[in-house]
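Q: Please find one structure pasted underneath; my questions will follow.
The values are calculated or read from the model by the stated rules, or taken from the named source; none is laboratory data. Source: prediction; values computed, not measured. When we count neighbours, we look across all protein chains shown, and the Cβ atoms used for this are built from the backbone with ideal geometry, even at glycine.
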Amino acid sequence: MSKLDILSMDLSEIEKVLTEIGEKKFRAKQIYQWLHVKRATDFDQMTDISVQLRTRLKEIFCINGLFVRKRLESSIDNTVKYLYRLSDGNFVETVLMEYNYGYSVCVSTQVGCKMGCRFCASAIAGFVRHLDPSEILLQIYETERQSGVKISSIVLMGIGEPLDNYDNVLKFLSILSDKNGNDMSLRHVSLSTCGIVPKIYELAQLQLGLTLCISLHSPDNERRSEIMPVNRAYNIPELIKACRYYIDKTGRRITFEYAVIDGVNSSPADADKLASLLRGINCHVNLIPVNKVRERNYHSARSGVANFAGLLQKRGINATVRRTLGSDIEAACGQLRRDAAAGNID
């Protein structure tokens with residue numbers, strides 16, 4: 001029988017297993033805090049638990065781990081990109097970013113991605129598998145261990161589509177926010193989706209308090225379908241309807257992410273359409289200079305992004321240009337993982 005991944009289990013699940021083997025229920029809370037507060041990586045580190053129980057725990061559970069394959073640090077802004085090897089030999093990327101308010105980490109939720117967005121490096125190598133809750137969580141724990149800093153906010157914007165890995169992401173969020181463990185408020189978590197409409201409705205019902213970020217990237221259905229195939233399944237009117245529902249249900253403002261691509265979605269006409277689409281919605285537009293991807297010919301000038309922000313602001317839309325971090329280390333997701341998978345990492 002394979003061992004249980006204890007870092008992917010919530011407190012009630014650990015309690016159930018322990019009571020089934022005749023242990024007291026309170027032991028589960030001790031173990032849970034060793035894992036999520038003291039960040040134990042081995043059962044033998046749990047010194048207030050008997051040797052006999054530790055031995056039993058090793059027979060039933062495993063403590064998953066990540067391994068640093070490569071670390072890149074920006075000389076511009078201290079952004080650090082980690083390439084982590086998973087226990088099965090696959091790779092994911094995690095980015096640590098420093099802001100005035102503290103440190104934020106961008107985590108991956110899948111190995112690869114199914115969504116096929118044309119300007120994104122993550123989709124080029126295809127989809128391999130979902131990440132388990134422990135593998136998402138460990139990107140935070142291991143990054144804190146490696147960097148020696150305390151992370152104060154999380155963004156689910158790395159490799160993969162979080163709402164395509166819905167159940168595991170929800171489990172991760174539950175463990176992350178458990179008062180017996182990390183006790184992180186989900187108001188410090190942002191989740192980015194390309195627009196899987198049914199899951200937006202489900203997420204709204206949960207009223208978790210997190211910030212929902214929608215990768216929009218075009219106000220035009222035909223153009224969005226060209227660069228974001230998900231739009232063929234859930235078009236812009238359906239997506240905007242779901243966003244309005246999310247805002248009404250949760251009372252939370254939505255962020256629309258918009259990668260400004262020269263010659264694709266950056267004209268005054270695009271600004272007119274986008275302003276018309278979003279007018280009256282409690283939202284913020286985050287404009288992003290498109291990341292360079294070797295296999296794609298999309299590009300944007302910083303001045304063009306600022307100009308597009310001005311066009312939106314004149315039309316009454318709250319729009320800002322995202323601060324670019326880690327530009328000298330290719331901090332955009334997907335490229336380092338593909339190099340590693342191809343054996344091109346030193």
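Q: Can you run down the residue pairs with Cβ atoms below 6 Å, 6 or more apart or on separate chains, where the first is in region 268-287 and over 17 Å from Thr193 (Cβ atoms) and without any contact (Cβ under 8 Å) to a residue 12 or more places away in the chain and the partner is part of a helix (DSSP H, G or I) and among the acidic types (Asp, Glu)?
A: none
For (1) in a strand (DSSP E or B); (2) buried (at least 23 other Cβ atoms within 10 Å of the Cβ), each residue gets a yes or a no:
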{"residue": "Glu142", "(1), (2)": "no, no"}
{"residue": "Arg145", "(1), (2)": "no, no"}
{"residue": "Val149", "(1), (2)": "no, no"}
{"residue": "Val155", "(1), (2)": "yes, no"}
{"residue": "Ile159", "(1), (2)": "no, yes"}
{"residue": "Ser174", "(1), (2)": "no, no"}
{"residue": "Gly181", "(1), (2)": "no, no"}
{"residue": "Met184", "(1), (2)": "no, no"}
{"residue": "Gly195", "(1), (2)": "no, yes"}
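Q: Please verify whether Lys199 is among the basic types (Lys, Arg) and farther than 24 Å from Ala123 by Cβ, treating the condition exactly as stated.
A: no
Q: Among the candidates Leu137, Leu176, Leu163, which residue alone is out of contact with any Lys or Arg (no Cβ under 8 Å at 6 or more places or on another chain), of a type outside the set (Gly, Ala, Ser) and either free of Cβ contacts under 8 Å to residues at least 40 places away in the same chain or under 29 Å from Ile261 (Cβ atoms) (or both)?
A: When all the criteria are applied, what remains is Leu176.
Q: Right, here's the next one. Identify all residues within region 252-289 that are over 24 Å from Ala242 (Cβ atoms) and of a type in the set (S, T, N, Q); write none if there are none.
A: Within region 252-289, Ser266, Ser267 qualify.
Q: Does Arg27 qualify as being under 20 Å from Ile151 (Cα atoms) and in contact with a helix residue (DSSP H, G or I) (Cβ under 6 Å, 6 or more places away or on another chain)?
A: No.
Q: Within region 244-267, is even one residue surrounded by fewer than 20 Cβ atoms within 10 Å (Cβ to Cβ), touching a helix residue (DSSP H, G or I) at 6+ places or on another chain (Cβ under 8 Å) and modelled with pLDDT under 95?
A: yes
Q: Kindly indicate which of Ile14, Ile21, Ile76 is touching a residue at least 12 places away in the same chain (Cβ under 8 Å), farther than 30 Å from Phe127 by Cα and crowded, with 19+ Cβ neighbours inside 10 Å.
A: The conditions single out Ile14.
Q: Could you list, in sequence order, all residues of region 106-139 that are within 22 Å of Ile76 (Cβ to Cβ) and in a strand (DSSP E or B)?
A: Within region 106-139, Cys106 is the sole residue that qualifies.
Q: Could you go through region 265-278 and let me know if any residue there is in a helix (DSSP H, G or I) and in contact with a strand residue (DSSP E or B) (Cβ under 7 Å, 6 or more places away or on another chain).
A: Yes, that holds for at least one residue.
Q: Tally up the residues in region 206-235 that are surrounded by fewer than 16 Cβ atoms within 10 Å (Cβ to Cβ) and among the acidic types (Asp, Glu), please.
A: 2
Q: While we're looking at this one, here's another question. Can you tell me which of Tyr103, Tyr82 is buried (at least 21 other Cβ atoms within 10 Å of the Cβ), of a type in the set (Ser, Thr, Tyr) and either outside any strand (DSSP E or B) or modelled with pLDDT of 95 or more (or both)?
A: Tyr82
Q: When you scan region 202-225, do you find a residue that is assigned to a helix (DSSP H, G or I), of a type in the set (Lys, Arg), out of contact with any Ser or Thr (no Cβ under 7 Å at 6 or more places or on another chain) and under 18 Å from Cys283 (Cβ atoms), even just one?
A: No, region 202-225 contains no residue that is assigned to a helix (DSSP H, G or I), of a type in the set (Lys, Arg), out of contact with any Ser or Thr (no Cβ under 7 Å at 6 or more places or on another chain) and under 18 Å from Cys283 (Cβ atoms).
Q: Could I ask something else about it? Give region 161-172 a look and list any residue that's touching a strand residue (DSSP E or B) at 6+ places or on another chain (Cβ under 8 Å), charged (D, E, K, R) and not in a loop (DSSP other than H, G, I, E, B), or say none.
A: Residue satisfying the conditions is Asp164 alone.
Every residue, every condition in (1) farther than 30 Å from Val37 by Cβ; (2) out of contact with any Pro (no Cβ under 8 Å at 6 or more places or on another chain), yes or no:
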site: Ile154; (1), (2): no, yes
site: Leu163; (1), (2): no, yes
site: Asn168; (1), (2): no, no
site: His188; (1), (2): no, yes
site: Cys194; (1), (2): yes, yes
site: Ala204; (1), (2): yes, yes
site: Arg224; (1), (2): yes, yes
